[in-house]
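**Q** Got a structure for you, written out below as structure tokens; questions coming shortly.
Each value in this text was obtained by applying a stated rule to the coordinates, not by laboratory testing. Note that the structure is predicted; figures quoted are calculated from it, not measured. All Cβ positions, even for glycine, are placed from backbone atoms using ideal geometry, and neighbour counts span all protein chains on display.
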Amino acid sequence: MVARSSPRRDGGFTLIEVIIAMLLLSILLGLAAPGLWSMIENNRAAAAANELVTSLNAGRSHAVTRRRNVTLCTSGDAATCRAGGDADYVNWHAGWLTKLDATGEILEARDGLSSRFQLTSASNAIQFDASGATTAGNIVTFSLTIPGCSGDKQREIEVSATGRISVSRTLCP
């Protein structure tokens with residue numbers, strides 16, 4: 001007579017266990033997704049603000065090391081500054097360039113930011129003198145917003161009269 005062994009279970013999962021695991025996973029993802037999306041949007045705004053800050057710092061550094069005035073201005077063609085009648089005159093998100101005023105040499109040309117961003121200022125240009133200060137002697141402020149912005153995702157980039165550059169988070173309009 002042959003002895004019967006108890007039925008052996010293969011180490012897999014039953015259909016009920018898989019369904020319950022997927023249900024729990026979908027609930028957890030549903031709770032985490034809004035926070036994750038918010039974090040991604042926040043990082044994108046910070047990266048876009050850093051692009052302008054990098055150009056501002058480089059322009060200021062060029063002015064100090066070359067002992068000449070350097071201008072950052074809005075540009076659409078990476079070769080010339082925008083004129084007053086241009087529709088994108090103060091829209092920095094369309095692109096900007098850095099140039100040495102004495103020779104007109106272009107030190108840096110930046111393409112526009114992603115179409116998701118709006119980077120504006122009351123001015124179409126900022127000029128640094130040989131000491132690194134702004135030649136206008138006033139504060140220049142840039143606002144960076146994302147369409148559908150909520151909370152404090154807007155960035156404000158401020159250049160003081162002495163040339164100090166700072167970035168802060170502000171409430172969306």
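**Q** Restricting everything to alpha-carbon atoms, can you work out Rg to Rh for the stretch 94-173 with a Kirkwood hydrodynamic radius?
**A** 1.01
**Q** Hey, what number do you get for the chain at 222 nm if only DSSP H runs of n ≥ 4 count, each worth -39500 (n - 2.57), divided across all residues, to the nearest 500? Intermediate results must be reported in sequence, preceding the final value.
**A** Numbers: 1 runs with 52 residues, N = 173.
One gets -11500 deg cm²/dmol as the mean residue ellipticity at 222 nm.
**Q** Which FRET efficiency, nearest 0.05, do Glu17 and Arg169 yield, Cβ-Cβ r, R0 45 Å?
**A** My answer for the efficiency is 0.50.
**Q** A follow-up question, please. Which whole-Hz couplings ³J(HN,Hα) result when phi for each residue of the stretch 166-172 is put into the Karplus expression 6.51 cos²θ - 1.76 cosθ + 1.60, θ = phi - 60°, listed in order with x for Gly and Pro?
**A** Residue by residue, the stretch 166-172 yields 9, 10, 9, 8, 10, 5, 5 Hz.
**Q** Counting only residues 5 or more places away or on other chains, whose amide H sits under 5 Å from the amide H of Gln154 once H atoms are built in the peptide plane?
**A** Residues meeting the criterion, in which the H sits 1.01 Å from N, are Thr170, Cys172.
**Q** Now, a different point. So who's got an amide H within less than 5 Å of the one on Leu107, skipping anything under 5 residues away but keeping other chains? H placed 1.01 Å off N, in plane.
**A** Those qualifying (amide H under 5 Å, at least 5 residues apart or on another chain) are Thr98, Lys99, Leu100.
**Q** When you have a sec, figure out the Kirkwood radius of the chain from all distinct Cα pair distances and drop it here in Å to one decimal?
**A** Across the chain, the inverse of the average 1/r is 19.2 Å.
**Q** In degrees from 0 to 90, rounded to the nearest 10, what is the angle of the helix 15-66 Cα long axis to the longest principal axis of the chain?
**A** 20 degrees
**Q** How far is it, in nm, from the label point at Ala161 to the one at Ala109 when both lie 7 Å from their Cα along the line to the Cβ?
**A** Simple spin-label model gives 3.6 nm for this pair.
**Q** Taking the simple approach of a point 7 Å from Cα along Cα-to-Cβ for both Ser38 and Asn138, what is their distance in nm?
**A** 3.7 nm
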